[in-house]
1. Long-range amide H contacts for L98: which residues qualify at under 5 Å (H placed 1.01 Å from N, peptide plane, sequence gap of 5 or more or a different chain)?
2. Quick one: helix 171-184 against the long Cα principal axis of the chain, what's the angle to the nearest 10°, folded into 0 to 90?
3. What residue among A376, A389, A60 has the largest mean-square fluctuation in a Gaussian network model of the chain, using Cα springs under 10 Å?
4. How much of the DSSP bridge set in the chain is antiparallel, in percent, rounded to the nearest 5?
5. To the nearest 10 degrees, how steeply does helix 40-50 sit against the main Cα axis of the chain, on a 0 to 90 scale?
6. Tell me, Y25, Y293 in order of fewest to most beta-carbon neighbours within 10 Å?
7. At 222 nm, what helix-only mean residue ellipticity would the chain give, in deg cm²/dmol to the nearest 500, using -39500 (n - 2.57) for each DSSP H run of four or more?
8. Relative to the Cα centre, what is the charge dipole magnitude of the chain, using +1 at the beta carbon of each Lys and Arg, -1 at the beta carbon of each Asp and Glu, and rounding to the nearest 20 debye?
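Please treat every number below as a calculation from the coordinates, not as lab data. It should be emphasised that the depicted structure is a prediction, and the values quoted were computed from it without experimental measurement. Neighbour counts are summed over all protein chains in view; Cβ atoms, including those assigned to glycine, are modelled from backbone coordinates with ideal geometry.
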Amino acid sequence: MSPTPRPSKDLKDHKDHKDYQDEIYFDGLRGVVPTYPMTYGELEARAHAAMPPSIVSYVAGGAGDERTQNANVTAFERWGLIPRMFVGAARRDLSVDLFGMRLPSPLFMAPVGVLGICAQDGHGDLATARAAARTGVPMIASTLSEDPMEAVAGELGETPGFFQLYTPTDRALAESLVRRAEKSGFKAIVVTMDTWISGWRPRDLSTSNFPQLRGHCLANYTSDPVFRAQLPADPEQDMQSAVLTWVRVFGNPLTWDDLPWLRSLTSLPLIVKGLCHPEDVRRARDGGVDGIYCSNHGGRQANGGLPALDVLPAVVEAADGLPVLFDSGVRSGADIVKAVALGATAVGVGRPYVYGLGLGGTDGVTHVLRSLLAEADLLMAVDGYPTLADLTPEALQRVQ
Ligand code: FNR
């Protein structure tokens, strides 16, 4: 098999994300074609063939008949970017300021709880963190990981990482997880609000498949002193008791009364994930959060809802200047551009990078991220939008 184009060392310093295209074409002159797929359809198909069926079911599956999950993707097809000429967009600037950090692009990796077991070596969280280090694309590390957060943070290089918290019922455990994230060097805390309980997922239900109950991806718990103190025996000797304890503490159905406590947990930027209603956004803003994360969890949690993209403009308006992170259904560079035009400050991708991970570890994730960025950059070049600030709702038209 021919080698995939190697990312250059100083990739994250590259201003031109489109360079990946040049690398691929020039590699072709010496007979090298890309190892990894160039379309999302092929990426998904090859990853599904490469990964064990139970993991494919967990990653690809969504809630109910997956209508909301599919609608997340097709919602992007209903918008078109209007090309502008005589702009001379020879240089583009995709960089973003987020909580005082200068990021090379608006793209980030959404938190995914089974990354560890998606990689062929069982250490997908570390492989993903290495791809973040290579590309400068931030990773939001999930609470549910196969390696502890300290090890994940250790692979991020100079790229900022955020820690995603599933708030446990035990406040002392929540505090311990956040302290550890701060000490590890994570730059923000993302609290996921829509998953204190798992949604109805027929694909996984039909094979009784729930990875955490089989002891997967609980390293942040089993390495935590507060969690360990609640166990009858070391998890190394008795994983079953650890799993049962985890079931008891995992999900906290938070209410607005908990927001002051959440806010008090950290002086890092606090972002709340899963907000789709403008009233919730206003209350979270009033409660002192630093960022809003508009997402419907990729359609995995609740079926029968709106595509996340459709609620984004109202969320942005209600956020009233607070940064808005967005994910759910992003499959291409064009999708990133459209989400930015509808007001997202930063745009997250979920399943696509997981499939890159399943196919080729760090190289596979790097390929997916670079392809997304090159496509977005080239779209802005061709269509005459040299900066993200040029991407406004007026740049888009609804497809009839
Ligand atoms: C997720 N997501 C998620 N979100 C979160 O806050 N914590 C988590 O641990 C997980 N775990 C997780 C596992 C898997 C397999 C998937 C696919 C997703 C949701 C994720 O952050 C994001 O919201 C969606 O993946 C975005 O949708 P797309 O890009 O997958 O369509």
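1. Distant-sequence amide H within range of L98: L103.
2. Taking the Cα atoms of the chain, the angle to 171-184 is about 40 degrees.
3. Residue with maximal mean-square fluctuation among A376, A389, A60: A389.
4. On the way: 6 of 29 bridges.
So the antiparallel bridges amount to about 20 percent of the total.
5. With rounding to tens, the tilt is 40 degrees.
6. Details: Y25 10, Y293 28.
Fewest-to-most ranking of Y25, Y293: Y25, Y293.
7. On the way: 17 runs with 165 residues, N = 400.
Roughly -12000 deg cm²/dmol at 222 nm, from the helical runs in the chain.
8. Numbers: 36 positive and 47 negative charges, 40 e Å.
I would put it at about 200 debye.
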